[in-house]
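Dropping a structure here in structure tokens format, bear with me for questions.
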Amino acid sequence: EKQRLAMVWSGGVYDFDFWALPVGVWKKQLAEEFIRFASQPEQQKAFAENIAYGPANRKAVGLLDPQVAANLPTAPQNMQNAVGMNVAFWAEHGEALEQRFQNWAKR
């Protein structure tokens, strides 16, 4: 069936992710090379073209087809009403809220 559906960006929640290598990581040089490779604009372009996540490297945005870029959560018009993840709130209340959710889900 053909349905008329549209993405609603208003109220989206964004968060940041990071690359990290723990002290004493095995094959550190290889891991660093991978991070450099995966963070390049061309690689981030390919990533954004295959999954609707905004690229981590801003230089990749200019390489994307404008229609692809407009349908990413990081497009300026899609970020207008987005809110940042409140990490401090979840650190303080996350465990209790998870327990409440689990209790609710058991009903």
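What follows is calculated from the coordinates using simple rules that are stated; it is not laboratory data. Since the model is a prediction, treat every value here as computed from it, not as a measurement. Backbone-built Cβ (ideal geometry, glycine too); neighbour counts: all protein chains shown.
Go through [x] 1.17; [y] 1.13; [z] 1.08 and flag the label whose value is the computed Rg/Rh (Cα atoms, Kirkwood Rh) for this structure.
[z]
So, one more: What's the local net charge at A52, with K and R +1, D and E -1, over the other residues with C-beta under 14 Å away?
Details: positive: K45; negative: E49, D65.
Around A52, the charge tally is -1.
Using amide H atoms built 1.01 Å from N in the peptide plane, name the residues 5+ places from Y14, or on other chains, whose amide H lies under 5 Å from its own.
Amide H neighbours of Y14: V83, G84, M85.
Do any chymotrypsin sites (Phe, Trp or Tyr not before Pro) in region 1-94 lie in a loop, going by DSSP, with at most 11 other beta-carbon atoms within 10 Å of their beta carbon, and if so which? Mind showing how you got there, number by number?
Values: sites: W9, Y14, F16, F18, W19, W26, F34, F37, F47, Y53, F89, W90; in loops: W9, F16, F18, W19, W26, Y53.
Qualifying residues, ordered by number: F16, F18, W26.
If I model a spin label at I35 and M85 as a point 7 Å from the Cα along the Cα→Cβ vector, what separation in nanometres do I get?
Roughly 1.8 nm, to one decimal.
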